[in-house]
Amino acid sequence: MLLSLFVVNKSGGLIYHRNFSSLAKLDTNDTLRLGSMWHSLHAISSQLSPVPGCKGIELLEAETFDLHNFQTPTGIKFFAVAECKSHGVDRFLKRVYNLYADYVLKNPFYELDMPIRCELFDLQLTSEVTLTMN
Amino acid sequence: MSQRGSVLPSLVDRHILTSKTRNDVGVGAFAFLFSEIVQYSQTRVSNVSELERKLADVGFDVGVRMLELLVHREKAGKRENRILGILSFLHTNVWKNLFGKTADSLEKGTSADDEYMISDHDLLVNRYISVPRDMGHLNCGAFAAGIVEGVLKSAGFPARVTAHSVASEGLSRPKTTILIKFAPEVIERDEKLGS
Amino acid sequence: MSSKGKVASSVAGERINSELFTLTYGALVRHLLLDLESPEEVNKQLDRMGQNIGVRLVDDFLAKTNTTRCRNFKEAVKTIADTGFKMFLGIDAKVTQIGDKECKMVLNDNPLIDFVELPEKLEPLSYCNLLCGVIRGALEQVSMKVEVLISKDPLKGDERFELHMKLLEYINEEYPFADD
């Protein structure tokens, strides 16, 4: 079960956040702060790797949740918080990347790296979440 | 033929008669190009109506040329002279060629005799576009309206053509309706030709 | 971890009639000529618009082909030629010369110039300049600064359409990775 989704741009700015459960209760400031801290943590994790070319944390498993991270080759991070051992989260994140490519990047009114305010992206995401949860 | 020794065949010899031999392009290529045209147009105008006008002007060019291609290819040079004929040509042939499908509906306006509407639930040019709230009634389908206006004008049916978003029941997003208002002389001519 | 990635074998995504694309591009160039008046200004504008498209389009490409990263110039060039042109323009491109920092690529066909003939007075116009910007913008997003020029152009009497690409630098310090 998906709990929330974050999208962070390549400079660490949070450009999208959505909760899918009433369990997740973070205010806007918290999500902004956590998004950019995750960006840094992710960078640290790849530097810690003794082998060059490490792509950073892909899955973080905690006692009460899993965090799945998908980073695109262009440096955007799509990450989701889900219940432990949830299935299909990585696939979901790749689908969100696809929706982002269609309904955000092909929208002339979207400015690159800025917060995503695109009605169609919201709508498509909602149906993707429903698909993933069922 | 080019004077500079181009090896391209002259335009009339090229494959205007056989579009289907052409490799087709990805929908993304068009979507990004169109998005860029909208962004560029925004820098040349000061309000939403001017933006729609600018997009329609670009579409107009496309319409004029599309008509030439289609008349040669599909109608063997035969020209349409009746209103219903040209409208169904738009709704079916032009739409299919440009957008890969016929339009969803063609209707006569309810309030005026010189008005017709072509509607599409998923107009290709609008597929990925979310209009921000501060741009109000903007519909980038103005580009498609321009195409329609270009086809009609060069076919000898001058008309005023505009694009509108119309909410439709059971659908999460509005359909795009292209409203066509024919010039008085077009209506007169059609009446003279009788039924 | 694989850096080359598996490129989708079939062409990704819905296709449309190339004529809509060709005629729309033609209409754009015509309007730019009207707006900006000089062909040189139009060349610059096409290049800028291309760049703007490229920085967005690269994510569309990556999302739909599942390409992971192209870690160097040679791999990037191969990916563009093998998959990029096919996916977006439906055409084949062939790399004819390639080094670590330079390459030439020939397009077997170019939908941008269907129905086009350049009148003599527009000699300075680089009609397809948008393509240069697109490639530059796309590669910039994956940390490669490149220069792209049209080296042969059928609209100017050449037999084929050819692009000349030069790598200027890798932007990110993590490039290039050592081979594993």
- Every residue from the stretch A:44-68 that is among the polar types (S, T, N, Q) and within 26 Å of C:GLY137 (Cβ to Cβ): A:SER46
- Task: Evaluate the stretch B:80-98: report whether one residue or more is surrounded by fewer than 17 Cβ atoms within 10 Å (Cβ to Cβ), in a loop (DSSP other than H, G, I, E, B) and under 16 Å from the mean Cα position of the chain (by Cα).
- Result: no
- Query: Quick check: anything in the stretch C:35-56 at pLDDT below 95, within 30 Å of B:VAL94 (Cα to Cα) and assigned to a loop (DSSP other than H, G, I, E, B)?
  - Reply: no
- Would you confirm whether any residue within the stretch C:38-52 is crowded, with 22+ Cβ neighbours inside 10 Å, within 17 Å of the chain's Cα centre (by Cα) and facing chain B (nearest Cβ under 9 Å)? yes
- Message: Please count how many residues of the stretch B:33-85 are of a type in the set (Asp, Glu) and within 14 Å of chain A (Cβ to nearest Cβ).
- Response: 2
- Please determine, by comparing only the residues of the stretch B:83-107 that are among the charged types (D, E, K, R) and modelled with pLDDT of 95 or more, which one is farthest from C:ASP114 (Cα to Cα). B:GLU107
- Message: Take the conditions small (Gly, Ala, Ser), within 12 Å of another protein chain (Cβ to nearest Cβ), farther than 30 Å from C:ILE53 by Cβ and surrounded by fewer than 13 Cβ atoms within 10 Å (Cβ to Cβ) and apply them to A:SER127. Does it pass?
- Response: no
- Residue set A:ASP27, A:ASP66, A:ASP102, A:ASP90; condition acidic (Asp, Glu) and closer than 18 Å to A:LEU14 by Cα; output residue A:ASP27
- Of all residues in the stretch C:139-159, which are assigned to a helix (DSSP H, G or I), within 14 Å of chain B (Cβ to nearest Cβ) and either charged (D, E, K, R) or touching a residue at least 60 places away in the same chain (Cβ under 8 Å) (or both)? C:GLN141, C:LYS156
- Item | Failed item in (1) free of Cβ contacts under 8 Å to residues at least 24 places away in the same chain; (2) closer than 17 Å to C:ALA81 by Cα, with C:ARG136 passing the rest | (1)
- Message: Which of the numbered conditions does B:LEU51 fail, given that it passes all the others? Conditions: (1) touching a residue at least 24 places away in the same chain (Cβ under 8 Å); (2) out of contact with any helix residue (DSSP H, G or I) (no Cβ under 7 Å at 6 or more places or on another chain); (3) surrounded by 14 or more Cβ atoms within 10 Å (Cβ to Cβ).
- Response: (2)
- Query: Of these, C:PHE115, C:PHE88, which one is assigned to a helix (DSSP H, G or I), within 30 Å of C:GLY13 (Cα to Cα) and within 8 Å of another protein chain (Cβ to nearest Cβ)?
  - Reply: C:PHE88
- Checked A:LYS77, A:LYS55, A:LYS94 against criteria (of a type in the set (Lys, Arg) and touching a residue at least 60 places away in the same chain (Cβ under 8 Å)); the one match is A:LYS77
- Is it fair to say C:PHE61 is of a type in the set (Phe, Trp, Tyr), touching a residue at least 24 places away in the same chain (Cβ under 8 Å) and closer than 30 Å to A:PHE70 by Cα? yes
- Item | Residues satisfying the stated conditions in the stretch B:127-148, i.e. among the β-branched types (Val, Ile, Thr) and in a loop (DSSP other than H, G, I, E, B) | B:ILE129, B:VAL131
- Item | When residues of the stretch B:122-162 are limited to those that are under 10 Å from the mean Cα position of the chain (by Cα) and more than 21 Å from B:GLU50 (Cβ to Cβ), the one surrounded by the fewest Cβ atoms within 10 Å (Cβ to Cβ) | B:LEU152
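The values are calculated or read from the model by the stated rules, or taken from the named source; none is laboratory data. All values derive from a computational prediction rather than experimental measurement. Note that we place each Cβ from the backbone using ideal geometry, even for glycine, and neighbour counts take in every protein chain shown.
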